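The values are calculated or read from the model by the stated rules, or taken from the named source; none is laboratory data. These figures come from a predicted structure and were not determined experimentally. Here the Cβ positions follow ideal geometry from the backbone for every residue, glycine too, while neighbour counts run over all protein chains shown. We work out accessible area using only protein heavy atoms, side chains counted, and drop any ligands, DNA or RNA first. Shrake-Rupley method; radii C 1.70, N 1.55, O 1.52, S 1.80 Å.
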Amino acid sequence: MQILDIVLYSISGERRILPFRIGQVNIITGSSKTGKSALIDIVDYCLGRGSCNIPVGPIRNTVSWYGLRLQFSNSQIFIARKNPPPGNNSTNIAFLQEAVTIDIPDTAPEQNTTSSAVEDYINNKLAISPNLNVPPSGHSRPSLEANFRHALFFCFQQQNDIASRNQLFHRQNESHTLQAIKDTLPYFLGAIREDALALEQQLRQAKRDLRGAEKTLEEAESIKGEGISKAISLASQAAEAGLIDNGIEFPNDIDSLIELLQQVIQWTPDRVLLPNSDRLELLHNRVRELQEQATSKKNAIHAAQIYAREADGYASVARQQELRLESIGLFDNLINKKDQDSSICPLCSHELSEPIPQAEAIKNSIKKIQQELDYVDRDKPKLREYIEELHSELEVIHRDLQSTYQSIEGVLNEQEESRRWREESLNRSRVVGRISFWLENTIFTDETFELRSRVSQAETRVRDIESLLDPEEKNQRLLSALNRIGLQMTQWAGRLHLEHANGETPVSLDLTRGTIVVDTAERPIPLTQIGSGENWLGYHLITHLALHKYFVENTRPTPRFLFLDQPTQVYYPSDRSEVIEATGLINELNDQDREAVERIFDFIFDVVNSLAPNFQLIIADHANLIENERFQSAIVEDWRDGRALIPTSWLR
């Protein structure tokens with residue numbers, strides 16, 4: 001993966017294309033504040049970085065979309081990402097298009113994907129295999145899968161990276177970044193097998209198979225080891241369950257015991273059903289019917305008794321009324337007098353407020369009461385007979401209920417007996433099952449050979465996979481890769497005349513601490529203890545170029561570009577830096593520094609040419625080596641005299 005173009009779309013709809021050459025050195029030279037240092041941030045953002053670190057100012061204020069046209073081995077991809085709205089530092093809105101040859105869109109694209117999807121897409125294009133770095137036992141950090149975003153740590157050297165003695169890699173000083181580099185660089189160097197994750201899955205399955213085979217063998221040998229004592233125990237259980245005559249004397253040899261147990265397992269359980277289940281349901285229904293009938297009879301008896309009590313009460317009242325009326329007969333002689341005035345009391349001759357009734361009327365009242373009493377007296381025997389009849393019917397119902405209850409109890413007793421037989425049958429089935437299992441798994445010849453063979457094969461499979469995933473072998477492959485890289489760095493350090501290096505003094509990459517170590521005769525010297533910006537720059541260059549040389553020569557799945565920002569800054573004297581930044585002319589430097597700058601660029605061109613067309617190097621710098629033909633031919637744009645990343649027309 002190399003960069004063909006950086007593309008910017010303005011808010012007003014204009015387009016700015018910054019082209020690059022594949023497999024070559026590409027130089028953007030220019031004065032300060034023209035946007036050179038923003039190029040790495042633009043590329044990083046388009047390639048899926050979570051936050052947008054493009055400086056706030058003319059670029060963020062005028063650009064609507066940032067784009068990249070990328071060249072892969074057999075196709076091109078155009079990816080773009082929307083500029084975050086004001087107040088936000090990121091957006092997931094993205095665009096992706098792939099073809100053999102891509103025409104850069106004239107206008108800002110419309111979203112068709114997300115930045116996270118772009119990351120997955122590029123991973124697949126680079127053929128990054130599924131992988132997982134599992135921390136050693138005792139470490140709390142999570143497992144990490146290497147992806148192309150981790151490879152970008154080796155593709156960028158910003159201005160504050162390239163001349164630092166304290167950090168060797170891009171973003172190394174950020175939290176967890178150095179650990180991520182240490183966890184993923186072994187994969188990019190090929191120290192971790194491409195099929196490691198698949199092998200780890202196979203190893204887990206092989207270990208499960210081994211545990212299963214070992215368990216089966218252990219159980220079989222355990223069963224076999226119990227021998228005759230187990231057979232006698234099972235025969236005793238069969239006798240207790242009624243499968244063998246309890247008084248039988250068990251044989252002492254295993255063959256006879258096995259023959260006896262084989263006869264036992266011929267037993268088959270009878271199907272035991274609960275009897276009279278339907279009849280039990282009918283009896284319960286009959287109980288409910290009889291209970292309803294009994295309730296009905298009780299209600300009828302109660303109603304008749306209430307009626308009888310009311311009739312007796314009426315007769316009592318009527319008798320009293322009859323007696324009162326009859327008492328009036330004492331005055332019949334007075335009442336029968338023709339000249340008797342009904343308004344005069346016949347006893348005291350006083351005038352009455354109401355006239356006394358006529359004797360005939362009184363007699364009629366007495367007669368009517370006597371008739372009603374006769375009716376009541378005649379109905380009493382019939383009412384008593386009716387109530388007695390109801391009691392008789394209720395008694396019959398009670399007897400039927402009692403009989404039905406007895407029938408239900410009988411059915412339940414039968415079912416309990418059936419349950420007992422069923423439980424006995426189940427117990428016998430369990431005993432037969434245990435005997436059958438033992439007979440099936442007991443091996444009285446050397447048939448455990450097959451099981452032991454299975455265990456042996458599973459153990460061999462586990463060992464074979466573990467040997468492929470052996471951490472020691474991984475460490476040896478990593479050490480081998482780092483040694484080869486170190487040899488290249490050693491040669492290049494001598495070529496650049498770096499301090500403590502002469503082309504033979506070993507220079508190595510200390511991945512544990514994320515630094516360079518020069519192994520002098522006196523002692524190892526880390527980069528942090530080496531002086532001068534020129535040395536820091538030189539050691540950064542040989543490290544990253546050696547890594548990319550290794551990536552290319554070993555066809556590793558990494559991007560094929562390195563982006564350097566301001567590599568010559570370390571040579572600018574403070575009193576002449578503004579002049580050099582404005583003109584780019586290094587003739588302002590002293591002879592020694594000019595020679596060092598020329599040596600740096602000659603070295604860069606030689607390395608890139610040796611890897612062409614499989615490696616691209618992009619440099620953004622103030623320097624402009626007028627007399628260096630290779631430098632001049634590598635310039636893609638010169639940002640001076642009003643030229644810059646953002647056209648002046650966008651700023652109006």
Applying the selection to the range 5-20, what residues are open to solvent by 20 Å² or more (accessible area, probe 1.4 Å) and in contact with a strand residue (DSSP E or B) (Cβ under 7 Å, 6 or more places away or on another chain)?
Ile11, Arg15, Arg16, Ile17, Pro19
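Do you know which of the residues in the range 456-505 that are among the hydroxyl-bearing types (Ser, Thr, Tyr) and open to solvent by 30 Å² or more (accessible area, probe 1.4 Å) is farthest from Gly538 (Cα to Cα)? Explain how you work it out, then say what you get.
Applying the first criterion (among the hydroxyl-bearing types (Ser, Thr, Tyr)) to the range 456-505 yields 456, 460, 467, 480, 490, 505.
Applying the additional criterion that residues be open to solvent by 30 Å² or more (accessible area, probe 1.4 Å) yields 456, 460, 467, 480.
Details: Ser456: 56, Thr460: 50, Ser467: 40, Ser480: 23 Å.
If we take residues in the range 456-505 being among the hydroxyl-bearing types (Ser, Thr, Tyr) and open to solvent by 30 Å² or more (accessible area, probe 1.4 Å), then Ser456 is farthest from Gly538 (Cα to Cα).
Yes or no, residue by residue, for (1) at pLDDT 95 or above; (2) open to solvent by 40 Å² or more (accessible area, probe 1.4 Å):
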site	(1), (2)
Arg513	no, yes
Val517	yes, no
Glu522	no, yes
Gly531	no, no
Glu534	no, yes
Leu537	yes, no
Ile542	yes, no
Ala546	yes, no
Val552	yes, no
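Take Asp593 and decide whether it is modelled with pLDDT of 95 or more and either under 57 Å from the mean Cα position of the chain (by Cα) or under 22 Å from Trp536 (Cβ atoms) (or both).
Details: modelled with pLDDT of 95 or more: no; either under 57 Å from the mean Cα position of the chain (by Cα) or under 22 Å from Trp536 (Cβ atoms) (or both): yes.
Here the answer is no, as Asp593 does not meet what is asked.
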List every residue pair whose Cβ atoms sit under 7 Å apart, with the two residues 6 or more apart in sequence or on different chains, where the first one lies in the range 288-306 and is touching a residue at least 40 places away in the same chain (Cβ under 8 Å) and the second, anywhere, is of a type in the set (Asp, Glu) and open to solvent by less than 70 Å² (accessible area, probe 1.4 Å).
Leu290/Asp400; Lys297/Glu393
Considering the range 232-254 alone, what residues qualify as being surrounded by 13 or more Cβ atoms within 10 Å (Cβ to Cβ) and assigned to a loop (DSSP other than H, G, I, E, B)?
Ala241, Gly242, Leu243, Ile244, Phe250, Pro251
Sole miss for Ala623 among (1) among the aliphatic types (A, V, I, L, M); (2) surrounded by fewer than 18 Cβ atoms within 10 Å (Cβ to Cβ); (3) at pLDDT below 90 is condition (2)
Quick one: Ser574 ticks every box in (1) surrounded by fewer than 21 Cβ atoms within 10 Å (Cβ to Cβ); (2) at pLDDT 85 or above except a single one, so which number is it?
(2)
Output for Cβ contacts, cut-off 7 Å, separation at least six or different chains, first residue under 25 Å from Val597 (Cα atoms) in the range 145-167, second outside any loop (DSSP other than H, G, I, E, B) and open to solvent by 30 Å² or more (accessible area, probe 1.4 Å), reads Gln159/Gln569; Ala163/Trp536; Ala163/Gln569; Ala163/Val570; Ser164/Trp536; Arg165/Thr528; Arg165/Trp536; Asn166/Thr528
Picking from Leu96, Leu132, the residue that is at pLDDT 95 or above and under 35 Å from the mean Cα position of the chain (by Cα) would be Leu96
Have a look at Ala191, Ala180, Ala235 and point out the one that is in contact with a Leu (Cβ under 7 Å, 6 or more places away or on another chain), modelled with pLDDT under 80 and either of a type in the set (A, V, I, L, M, F, W, C) or more than 23 Å from His548 (Cα to Cα) (or both).
Ala235
Of the residues that make up the range 267-286, is at least one under 30 Å from Gly410 (Cβ atoms), modelled with pLDDT of 75 or more, surrounded by 12 or more Cβ atoms within 10 Å (Cβ to Cβ) and of a type outside the set (A, V, I, L, M, F, W, C)?
yes
Please verify whether the range 634-650 includes one or more residues that are over 21 Å from Gln157 (Cα atoms), among the β-branched types (Val, Ile, Thr), open to solvent by 10 Å² or more (accessible area, probe 1.4 Å) and assigned to a helix (DSSP H, G or I).
yes
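For residues that are hydrophobic (A, V, I, L, M, F, W, C) and touching a helix residue (DSSP H, G or I) at 6+ places or on another chain (Cβ under 8 Å), scanning just the range 384-409, find the one that is farthest from Ile306 (Cα to Cα). Explain how you work it out, then say what you get.
The first filter runs over the range 384-409 and keeps only residues hydrophobic (A, V, I, L, M, F, W, C), leaving 387, 390, 394, 396-397, 401, 408.
Checking which are touching a helix residue (DSSP H, G or I) at 6+ places or on another chain (Cβ under 8 Å) leaves us with 387, 390, 394, 397, 401, 408.
Working: Ile387: 11, Leu390: 14, Leu394: 18, Ile397: 22, Leu401: 27, Ile408: 37 Å.
Checking each candidate, the answer is Ile408.
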I'm trying to understand the selection: among the residues of the range 156-194, which are closer than 20 Å to Ile128 by Cα and in contact with a strand residue (DSSP E or B) (Cβ under 6 Å, 6 or more places away or on another chain)?
Phe156, Asp183
Per the filter on the range 99-130, residues open to solvent by 30 Å² or more (accessible area, probe 1.4 Å), assigned to a loop (DSSP other than H, G, I, E, B) and polar (S, T, N, Q) are Thr101, Thr107, Gln111, Asn112
So Ala38, is it in contact with a helix residue (DSSP H, G or I) (Cβ under 6 Å, 6 or more places away or on another chain), surrounded by 18 or more Cβ atoms within 10 Å (Cβ to Cβ) and more than 29 Å from Ala634 (Cβ to Cβ)
no
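Residues checked against (1) part of a strand (DSSP E or B); (2) at pLDDT below 95; (3) closer than 30 Å to Arg630 by Cα; (4) of a type in the set (A, V, I, L, M):
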residue: Gly23; (1), (2), (3), (4): no, no, yes, no
residue: Asn26; (1), (2), (3), (4): yes, no, yes, no
residue: Val56; (1), (2), (3), (4): no, yes, no, yes
residue: Gly67; (1), (2), (3), (4): yes, no, yes, no
residue: Leu70; (1), (2), (3), (4): yes, no, yes, yes
residue: Ile77; (1), (2), (3), (4): yes, no, yes, yes
residue: Asn89; (1), (2), (3), (4): no, yes, no, no
Residue in the range 71-87 that is open to solvent by 30 Å² or more (accessible area, probe 1.4 Å) and β-branched (Val, Ile, Thr) present:
no
Inter-residue pairs, beta-carbon under 8 Å, first basic (Lys, Arg) and open to solvent by 10 Å² or more (accessible area, probe 1.4 Å) and in the range 181-201, second at pLDDT below 90 and not in a loop (DSSP other than H, G, I, E, B), 6+ apart:
Arg193/Leu199; Arg193/Leu468
Do we find a residue being in contact with an Asp or Glu (Cβ under 9 Å, 6 or more places away or on another chain), open to solvent by less than 40 Å² (accessible area, probe 1.4 Å), among the aliphatic types (A, V, I, L, M) and modelled with pLDDT under 75 anywhere in the range 210-221?
yes
